[in-house]
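Trainee: Can you read through this structure? Questions will come right after.
Where a number appears in this text, it was derived from the coordinates with a stated rule and is not lab data. Since we're looking at a predicted model, the values are computed, not measured. Neighbour counts are summed over all protein chains in view; Cβ atoms, including those assigned to glycine, are modelled from backbone coordinates with ideal geometry.
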Amino acid sequence: MGVGPSTKETTLHHFRDPLLDVLETDQDIDLTGVIIVGTPQSNDEKYFVGKRTAAWLEAMRVDGVIVSVDGWGNSHVDYANTIEEIGKRGIPVTGLSFIGTQANFVVKNQYMDAIVDINKSEAGIETENVGENNMNRLDARKALAFLKLKMRG
């Protein structure tokens, strides 16, 4: 299953990333950084990148994490694993992902209780409209609100 045009972000979207914009302008948090992780093909590598990302975040002593993914299906395996590895270390974690009409993940765990669905199409599916199902500012604000709630306990 590939990622269609409606879930692909344009270059302009990356230059004006709504999540970074929301995080860097919020007075309540201190944006520590951005970690970019690929989506490996093999399951062993999927679990490896999740563990390494979580270990890195733990070493940085972050107070909370927002994990976003620009794919679904097989990409949700490493997405879920990374969120689980972060959560197992006691770090509050929320996320953003395309979910749509599938209304569920291929795999799921107890730490995936505050994921914002970035689907925008009325039918809840990937469409042929470039960028239709991208994360926007409202999605980013929701994810940050979930994270703040989790950080408060």
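Trainee: For a 23 Å ceiling on Cα separation, which of these pairs sit above it: K51/K142; K46/K148; K8/K120; K88/K120; K8/K142?
Mentor: K51/K142; K46/K148; K88/K120
Trainee: What's the magnitude of the charge dipole for the chain around its Cα centre, counting Lys and Arg as +1 and Asp and Glu as -1 at the beta-carbon? Answer in Debye, nearest 20.
Mentor: 400
Trainee: Residue farthest toward the positive end of the dipole of the chain, with Cβ of Lys/Arg at +1 and Asp/Glu at -1: which of N129, L12, W72?
Mentor: W72
Trainee: Give me, ordered by chain and number, the residues 5 or more places off L96 or on other chains with an amide H under 5 Å from its own placed amide H.
Mentor: Result for L96 returns V67, S68, V69, V116.
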